[in-house]
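Only one structure is covered here, and it is reproduced in the block below.
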Amino acid sequence: MDMAKKNYTHTKKERVQLDFSQESLYRLDALKFQIGAGTRGETIRQALRLFDWFINETDPDSTIEVADRHGQVTARFKANLLHGTLHLN
């Protein structure tokens, strides 16, 4: 993992062009608004950081739990949802 992290620390940027369906673009813009990001690129970079954490810090057989501020579990899912091939719009 250290080697992979070293690759992320360079400062040179490269332009990437992505094709989104209308629904996915709407979802991206909704997330951008919800997190207060200034750009779509910032939103995608934040999503990439979160996805990177999930993949590197969980095993496929792990269970992820989300708890509210009172400690009540509000969601639970298997990490293999994120470890396999994803088919998103």
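Bear in mind these aren't lab numbers, they're just calculated from the coordinates by the rules spelled out. Just so we're clear, the structure is a prediction, and the values are computed from it rather than from any experiment. Neighbour counts run over all protein chains shown; Cβ positions are idealised from the backbone, glycine included.
Things worth noting here:
- Stretched out straight at 0.36 nm per residue, the stretch from R27 to V73 would grow longer than its current Cα-Cα span by 14.0 nm.
- Neighbour-count ranking [beta-carbon atoms within 10 angstrom, fewest first] of K32, K78, K12: K12, K78, K32
- Loop-located GluC sites (Glu not before Pro) in the stretch 8-56 (DSSP state not H, G, I, E or B) with no more than 15 neighbouring Cβ atoms inside 10 Å: E14.
- Residue exposure proxy: H83, H70, ordered by other Cβ atoms within 10 angstrom of their Cβ from fewest to most, comes out as H70, H83.
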